[in-house]
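Derivation of every value follows stated rules applied to the coordinates shown; laboratory data play no part. On a predicted model such as this, the values are computed, not experimentally measured, just so you know. Using ideal geometry, Cβ is built from the backbone for each residue, glycine included, and neighbour counts are taken over all protein chains shown.
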Amino acid sequence: MKILSDYSLLELKQILADFPSFRAKQVFDAIIQAKDYSETNLPKSMIENLKKDFILKPINIYKVLTSKDGTKKYLLSTYDNNLVECVFLHQDYGNTICMSTQIGCRMGCKFCASTLNGLIRNLSAGEMLSMIAVVNADNGKNSERNFTNIVLMGSGEPFDNYANVVKWLELITDKDGFNVSERNISISTCGLVDKIYEFSKLNYNITLCVSLHATDDETRKTIMPIANKYSIDEIIKALQSYVKENKRRVVFEYCLIKDVNDSFQNAERLKKLTENLNCHINVICLNPNGGTLKATTKHEAYAFVKKLNDLGVSATLRRSQGSDIEGACGMLRAKTLNKINKKNS
Ligand code: SAH
């Protein structure tokens, strides 16, 4: 089976060339409005015809949890019965959707729940578009856009699903569709250096974020296996080239882990590492996922950020939203899978 949301409007017009030309736009609108066949005004005969080869709505809501702060965490089911997460965050400067790019993840970061059961498969561009459509429709009227920003910071490594993420960028910025401004999209990577170079050539105006989480390679290797492949120096060089090509400031994510990366010495090393780079550092407090890694206290986190600021580094402590509803990457999915497995055994 193929997925209709994998195609741009232009491609749909070609695929549906046997039907009157306005039908392609109708299908495209149905995708954006998260409608399945029965909810469209397509003729019955066309629906029967399409159903043989194509899925119209590949993503559906499995469960929604709403946090005290209004954050909504979605557990979504795919057409092949996998589960993926998506988060809707209410923010003063426009709502944000945090989206997954893969089912599971194979990067193996020690602190991250998304990677616990490895990678199941990539999400297609159309599935990612459909995730946005489903969450958007659940937060207001179908035909309106109820969010401003999208961050690819859910489960999965976007640059490990490079081709689909690039295709998704084409779909989500389409003027006939959600028409999201490139400037309102952030992609977070654990630092796949070859892909950073490849992506910078595409000249997208998006914000590139890199999960750094350590200031030396040896420490980074203990929490992020990708550090065995690429050094911090190589990441910084790739980002310097990205900033040069795209004229966009890059963002580092730095998750504070008690006694691993949270000393003032780390702050000083961060200053050194980022000296020649137009960047901002988003400091995050670890949301412990049951492993041995512990969170730095809020108080110490503020002191760490103040130290960075005193050193002249642009850095802020990211407000944690939805921590009462398994807000961090992959936690809700991991818990739900655990429950389902227990029931079945
Ligand atoms: N694979 C990509 C995007 C997904 S993770 C990447 O590594 O950037 C998005 C961000 O959430 C990353 O910075 C990640 O390191 C962070 N994160 C994952 N688990 C976390 C946890 N338990 N507590 C705090 N931040 C976490």
List the trypsin sites (Lys or Arg not before Pro) in region 164-245 that DSSP assigns to loop (not H, G, I, E or B) and whose Cβ has at most 15 other Cβ atoms within 10 Å. Which are they?
-> LYS175, LYS201, LYS229
Under a 5 Å amide H to amide H cut-off, with H placed in plane at 1.01 Å, what residues pair with HIS280 once short-range neighbours are removed?
-> VAL250, VAL251, PHE252
GNM on the chain, Cα springs under 10 Å; top mean-square fluctuation among GLY126, GLY118, GLY104 goes to GLY118
Can you list the HN-Hα couplings for region 101-118, worked out from phi with the Karplus curve (6.51, -1.76, 1.60; θ = phi - 60°), rounded to whole Hz and with x for Gly and Pro?
-> 10, 9, 8, x, 6, 10, 7, x, 4, 4, 8, 10, 6, 4, 9, 4, 9, x
At GLN265 and SER231, where each label point lies 7 Å from the Cα along Cα→Cβ, what is the point-to-point distance in nanometres?
-> 2.0
List the residues whose amide H sits under 5 Å from the amide H of GLY104, counting only those 5 or more places along or on another chain, with H placed 1.01 Å from N in the peptide plane.
-> ILE120
Under Karplus coefficients 6.51, -1.76 and 1.60, residue-wise ³J(HN,Hα) of region 196-211 in Hz, glycine/proline x | 4, 5, 4, 5, 5, 5, 6, 6, 6, 8, 7, 8, 9, 10, 10, 7
The chain: calculated mean residue ellipticity at 222 nm from DSSP helix runs of at least 4, using -39500 (n - 2.57) = -10500 deg cm²/dmol
Take MET107, MET46, MET1 and order them by how many other Cβ atoms sit within 10 Å, fewest up front.
-> MET1, MET46, MET107
Using the count of nearby Cβ atoms within 10 Å as a rough guide to exposure, how do SER181, SER114, SER188 rank from fewest to most?
-> SER181, SER188, SER114
Which residues' amide hydrogens lie under 5 Å from the amide hydrogen of GLN91, considering only partners 5 or more residues apart or on another chain, with H built in the peptide plane?
-> THR96
With x for Gly and Pro, the residue-by-residue ³J(HN,Hα) of region 307-316, computed from phi through the Karplus equation 6.51 cos²θ - 1.76 cosθ + 1.60 at θ = phi - 60° and given in whole Hz, is 4, 4, 4, 4, 7, x, 8, 6, 8, 9
Ranking HIS299, HIS213, HIS280 by Cβ neighbours within 10 Å, fewest first, what do you get?
-> HIS299, HIS280, HIS213
Between LYS175 and ASP53, what length in nm is gained on full extension when 0.36 nm per residue of separation is reduced by their alpha carbon distance?
-> 41.2 nm
